[in-house]
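The values are calculated or read from the model by the stated rules, or taken from the named source; none is laboratory data. These figures come from a predicted structure and were not determined experimentally. Please note: Cβ atoms are built from the backbone with ideal geometry, for glycine as well, and neighbour counts cover all protein chains shown.
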């Protein structure tokens, strides 16, 4: 077989790796057979060998070597391989084949400015560092990826929150339109009755649960609570001990409303006012009672 260099070999002379290239960490004394610019067979330092120039990291070079060995039907690398010796010696010199820190926590990530309402989740940050270490990223590579991805993630979260808010507003408008079509001018009264029923049945906790689940914007749910409102009101009145309020007549209530303990803010008596209110509730169960009823 002829030893004449091929055109591809002539076009791939040995080159000094640029700053930051992983090949620069390889010892200069480790060489491998190759050809110089004239095509002559010679020994080329592994760090300058054109066969490694196309690999972005030692990991890629090793994967290519393993793949080539598998294609040849050999499961392991021959003892004394120049490539394996070069990589192992480089690792023993600086503790790392690719310039990555010894531990994930040793990465020096840049301080990326974030909006006041955003915080970096420490669990996700630790996962990022672990993955960067696993992939063999250098400190500069991990920092560059972090600086690029973090602002992108913030913008994505903001866009998602805005999209959710817009969709909820549109859904609320659709449901309110449905209430108006079903109840006309009484739509707001239906909403108020539903609100009172929810508070009577479960208080603020039930109200919060309905809002968080989205049910508070569902016209079907609101109409159901509005239909329960009179039942809740009558039940609460039946279960209450009316006491003296049950014996109050409309005339007596009018007299009590003219008492300074009722109408004068400076002399207002909460117990007296409550007695007047209970008197109206006893006379008109299940209805909204106000002082105007006595006039």
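If I ask for residues that are part of a loop (DSSP other than H, G, I, E, B) and either under 19 Å from residue 19 (Cα atoms) or in contact with a helix residue (DSSP H, G or I) (Cβ under 6 Å, 6 or more places away or on another chain) (or both), which ones from region 30-49 would you list?
Filtering region 30-49 for residues part of a loop (DSSP other than H, G, I, E, B) gives 30, 36-40, 49.
Selection gives 30, 39, 49.
The residue pairs whose first member lies in region 145-158 and is under 12 Å from residue 125 (Cα atoms), whose second member is at pLDDT 85 or above and loosely packed, with under 14 Cβ neighbours inside 10 Å, and whose beta carbons are closer than 7 Å, counting only pairs six or more residues apart or on different chains, are 146/110.
Quick test for you: out of 114, 83, pick the one residue that is in the same structural domain as residue 29 (by TED's automatic domain parsing), modelled with pLDDT under 85 and in contact with a helix residue (DSSP H, G or I) (Cβ under 7 Å, 6 or more places away or on another chain). Spell out the reasoning first.
On the way: 114 fails: in the same structural domain as residue 29 (by TED's automatic domain parsing).
Answer to the check: 83.
Working carefully through the options 28, 24, find the one that is closer than 25 Å to residue 135 by Cα, at pLDDT 75 or above and under 54 Å from the mean Cα position of the chain (by Cα).
Only one candidate qualifies: 24.
What number of residues in region 40-61 are more than 28 Å from residue 135 (Cβ to Cβ) and surrounded by fewer than 16 Cβ atoms within 10 Å (Cβ to Cβ)? Let's see the steps before the verdict.
Let us first name the residues in region 40-61 that are more than 28 Å from residue 135 (Cβ to Cβ), namely 40-44.
If we keep only those that are surrounded by fewer than 16 Cβ atoms within 10 Å (Cβ to Cβ) too, we end up with 40-43.
Total satisfying the criteria: 4.
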